[in-house]
Amino acid sequence: MRLLAVCCGVVLAVSLTACGQGKAAAQQYRKHVDACKLLKPETVAALSADLPTTNTDWTQPAAGTSDMSTCKRGFGAVGDVVAHENSKVPNVPGKPAYRYITVETQRFEDRDDQPGADRARYFLKSYATSVDLVAPTADDFEEKHITFTPEGALSHASLWAVDKNLVVHIEYGGGNVRSVPDGLTENAARDGITRLANDAAALRPPCD
């Protein structure tokens, strides 16, 4: 799933408290936020299920009054995923066949009488609801939402988060060979997206 620009639609020493303290109301992200820099290599490796790596990384340039970046990591192949023939058999782990991680950032500039932070929160409402709201921890995003979605032989968990004028979307998912349930289990998907979310929160750059 890719972010769409409004104008035209899952860990560093720098703490987010630097962005949330002092003159917080006036602070915002004023520079491009590289989505790939929100990934921690050791976490990516742990979530790859020891599958061979295929990388597809790209950054989208600024468009109008939004600034977007996308980073993708793929492991194995979606074509290797095989659904189980008997879904009534409980809890069959299967063999990992495909895993992917996508991180997307979108930074909103002030426009006319609309602050970038307000535009970011308005954008977030298109994808997140109060039902999937997750309580933030220390040095975390200001608001974050996590969902789990089964999709046939695949499944994924998603994070939507906002901090000042920055929206972050992370997705972690995949599928197996003849597992029941198909795809990642909900616990595994949620655990993976939580780890990725914590890394992104710790790695995001400071506000200006």
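Pairs are defined by a Cβ separation below 6 Å, a sequence spacing of at least 6 or placement on different chains, a first member in the stretch 31-51 that is closer than 30 Å to Pro93 by Cα, and a second member that is part of a helix (DSSP H, G or I) and of a type in the set (Lys, Arg); the pairs so defined are Thr43/Arg195. Annotation: Lys88 fulfils all but one of (1) of a type in the set (Lys, Arg); (2) part of a loop (DSSP other than H, G, I, E, B); (3) at pLDDT 90 or above; the unmet one is (3). Part of a loop (DSSP other than H, G, I, E, B), surrounded by fewer than 23 Cβ atoms within 10 Å (Cβ to Cβ) and modelled with pLDDT under 90: is that true of Pro136 in this structure? Against the criterion (part of a loop (DSSP other than H, G, I, E, B), surrounded by fewer than 23 Cβ atoms within 10 Å (Cβ to Cβ) and modelled with pLDDT under 90), Pro136 qualifies.
The values are calculated or read from the model by the stated rules, or taken from the named source; none is laboratory data. What you see is a predicted model; the values in this text were computed from it and never measured. All Cβ positions, glycine included, derive from the backbone under ideal geometry; neighbour counts span all protein chains shown.
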